[in-house]
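Student: Below are the structure tokens for one structure; questions will follow.
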Amino acid sequence: METYLFLFFLSYIGIVLFGYWLKALNLGHLKKYGAEVPPEFEGRIDTDLLKRTCDYTIENSKFSFAASIFNNIVLLVFLFGGLLNLYNSWVMSMNWHFVVSGLAFFLFLIYAENIISIPFSLYRNFKIEKKYGFNTLTPGLWLADFFKSILVSTILIGILISVGLWLVSYSPEFWWLWVWGFFLLFSLFIMYISPYVIEPLFNKFTPVDDREMEDRIKDMAEKAGIRVSSIFKMDASKRSRHTNAYFTGIGKVKRIILYDTLLAKMDRDEVIAVLAHELGHWKKKHVLKRIIVSEVMAFAVLYAAFYILQSDFLLQVFSIEADSFFAKVMILGFIGSIIGFPLGPLSSYFSRRHERQADRFACELTGNPNSLASSLIKLSKDNLSNLHPHPLYAAFYYSHPPVVQRVRDIQGF
């Protein structure tokens, strides 16, 4: 058993070190080429802004590196240092009902993770983001967001855990199928109610007050064969000066959300181009495809988990004394993250492919690729996006093509 334990430990350390090497490679590439203005950005960005972008990227990367080291140490000590065994024995000694024990087991860990993350969240928001002019959060709003997030996650995760464990106890032979079905329906339900129940807890949504732009957006959506129920402006500026726009909801409750920061910094044609890109995702059924792929994978994972969890192998490897379904699930999740590591860059590849398709769709729909290119340049400037990521780092972690490549492709359409 010690051989398996060492193998799991070594595999995880190898993955972590590989990730750190990629980050170091990316920073080295940035330091080497960060002062160069890409041809696509000439006249739109100066050396001072490039230096500020480099400084922001480097500071964020170093902070993420330090936070990652801390989190990985905590995880490894918990799993390999005997703390999981002590924690599991304490929960099981309470002799609570199966569902109650599982609820306590996982929720306490989630609360602990949230508490541990507090110093890092405060430093990122009130030190780094504030230093570069992004943060507009007040301590009071940060605290309110924190407790709202805890409340919402407790309710949603509590429902998932409770129903999932009840299904395990109710149908020991087929729980994997019922759990998969329930998780699928629950995720679709959340996507449906989120725009009306969850998102308004954190932000205020008001109708766009630019009537001409609203009409143009609706006309463009209808031209694409997509019905959008509402177009709203979100008060993102009360937390950050970052800019963005997104779609939310599914079916008849699809809504377009525009950050107020985006509306303040872009002209109408650029806003239209950004939204045309988002419409491209819906028209190309990217959201549906991702749901299908993720659910097929979830089905296979739960089916495999059903057979693995019937054995006490994982408990023996990690020296867990008290028999516990919950400890098995946690250990299996850890091992699953190791096995699933190669899927990360594959997922990023398909995501970047979808982004390119949405860019092309936007250019064809609006007939105005220059506005889309201009909007991306503004977004990268406003968000201090790294213009010189290392190709290998981008291949592993970027869900969107690097912005310079995107602008180059759009100008070539």
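The values are calculated or read from the model by the stated rules, or taken from the named source; none is laboratory data. Because the structure is predicted, anything quoted here is derived from the model rather than measured. Cβ coordinates were reconstructed from backbone atoms using ideal geometry, including for glycine residues, and neighbour counts include every protein chain displayed.
Student: Considering segment 233-261 alone, what residues qualify as being modelled with pLDDT under 85, outside any strand (DSSP E or B) and touching a strand residue (DSSP E or B) at 6+ places or on another chain (Cβ under 7 Å)?
Tutor: Within segment 233-261, T243, N244, G249, K254 qualify.
Student: For segment 33-48, enumerate the residues that are loosely packed, with under 15 Cβ neighbours inside 10 Å and of a type outside the set (S, T, Y).
Tutor: Result: A35, E36, P39, E42, G43, D46, D48.
Student: Of everything in segment 221-248, what is surrounded by fewer than 19 Cβ atoms within 10 Å (Cβ to Cβ) and more than 25 Å from the chain's Cα centre (by Cα)? Give them in sequence order.
Tutor: Listed by number, the residues that qualify are E222, K223, A224, G225, I226, R227, S229.
Student: Out of L84, L76, report the one residue that is surrounded by 15 or more Cβ atoms within 10 Å (Cβ to Cβ), among the hydrophobic types (A, V, I, L, M, F, W, C) and within 30 Å of L167 (Cα to Cα). Show your work before the answer.
Tutor: Numbers: L76 fails: within 30 Å of L167 (Cα to Cα).
Just a single option satisfies the conditions, and that option is L84.
Student: If I filter segment 165-222 down to residues being out of contact with any helix residue (DSSP H, G or I) (no Cβ under 9 Å at 6 or more places or on another chain) and among the basic types (K, R), which single residue comes out as nearest to Y307 (Cα to Cα)?
Tutor: Among them, the one singled out is K218.
Student: Being surrounded by 21 or more Cβ atoms within 10 Å (Cβ to Cβ) and in a helix (DSSP H, G or I), is that true of even one residue in segment 331-344? Even if it seems obvious, please write down each step before you answer.
Tutor: Initial filter on segment 331-344 (surrounded by 21 or more Cβ atoms within 10 Å (Cβ to Cβ)): 331.
Now restrict to residues that are in a helix (DSSP H, G or I): 331.
Yes, that holds for at least one residue.
Student: Of all residues in segment 126-141, which are over 19 Å from R52 (Cβ atoms) and in contact with a helix residue (DSSP H, G or I) (Cβ under 6 Å, 6 or more places away or on another chain)?
Tutor: Correct list: L137 only.
Student: Hey, another quick one. Just checking, does segment 106-113 include any residue being in contact with an Asp or Glu (Cβ under 9 Å, 6 or more places away or on another chain), over 27 Å from A300 (Cα atoms) and part of a helix (DSSP H, G or I)? Even if it seems obvious, please write down each step before you answer.
Tutor: Of the residues in segment 106-113, the ones in contact with an Asp or Glu (Cβ under 9 Å, 6 or more places away or on another chain) are none.
No, the conditions are met nowhere in segment 106-113.
Student: Could you give me the residue pairs with C-beta distances under 8 Å whose first residue belongs to segment 183-209 and is without any contact (Cβ under 8 Å) to a residue 40 or more places away in the chain and of a type in the set (D, E, K, R), whose second residue is in a strand (DSSP E or B) and surrounded by 13 or more Cβ atoms within 10 Å (Cβ to Cβ) wherever it lies, and which are 6+ apart or on separate chains?
Tutor: Pairs that qualify, where the first residue is without any contact (Cβ under 8 Å) to a residue 40 or more places away in the chain and of a type in the set (D, E, K, R) and the partner is in a strand (DSSP E or B) and surrounded by 13 or more Cβ atoms within 10 Å (Cβ to Cβ), are K204/M234; D209/K233.
Student: Hey, could you check segment 356-413 for residues that are assigned to a loop (DSSP other than H, G, I, E, B) and more than 23 Å from the chain's Cα centre (by Cα) and say which is surrounded by the most Cβ atoms within 10 Å (Cβ to Cβ)?
Tutor: Quick first cut of segment 356-413, residues assigned to a loop (DSSP other than H, G, I, E, B) only: 367-368, 383-390, 398-402, 413.
From what's left, more than 23 Å from the chain's Cα centre (by Cα): 367-368, 413.
On the way: G367: 8, N368: 16, F413: 12.
My answer is N368.
Student: As an exercise: evaluate I292 against (1) touching a residue at least 12 places away in the same chain (Cβ under 8 Å); (2) of a type outside the set (D, E); (3) surrounded by fewer than 18 Cβ atoms within 10 Å (Cβ to Cβ) and give the number of the one condition it does not meet.
Tutor: Failing condition for I292: (1).
Student: In addition: Take the residues in segment 1-51 that are of a type in the set (D, E, K, R) and assigned to a helix (DSSP H, G or I); name whichever of them is modelled with the lowest pLDDT. Talk me through it step by step, then tell me what you get.
Tutor: Our first condition is that a residue be of a type in the set (D, E, K, R); within segment 1-51, this holds for 2, 23, 31-32, 36, 40, 42, 44, 46, 48, 51.
From what's left, assigned to a helix (DSSP H, G or I): 2, 23, 31-32, 40, 48, 51.
On the way: E2: 80, K23: 94, K31: 89, K32: 90, E40: 85, D48: 86, K51: 90.
The extreme case among them is E2.
Student: On to the next question. From A298, A322, A304, which residue is assigned to a loop (DSSP other than H, G, I, E, B), among the small types (G, A, S) and modelled with pLDDT of 90 or more?
Tutor: Working: A298 fails: assigned to a loop (DSSP other than H, G, I, E, B); A304 fails: assigned to a loop (DSSP other than H, G, I, E, B).
A322 is the lone residue from the list that is assigned to a loop (DSSP other than H, G, I, E, B), among the small types (G, A, S) and modelled with pLDDT of 90 or more.
Student: What about S153, is it among the polar types (S, T, N, Q) and either within 21 Å of I110 (Cβ to Cβ) or surrounded by 14 or more Cβ atoms within 10 Å (Cβ to Cβ) (or both)? Talk me through it step by step, then tell me what you get.
Tutor: Numbers: among the polar types (S, T, N, Q): yes; either within 21 Å of I110 (Cβ to Cβ) or surrounded by 14 or more Cβ atoms within 10 Å (Cβ to Cβ) (or both): yes.
Taking the combined requirement at face value, the residue satisfies it.
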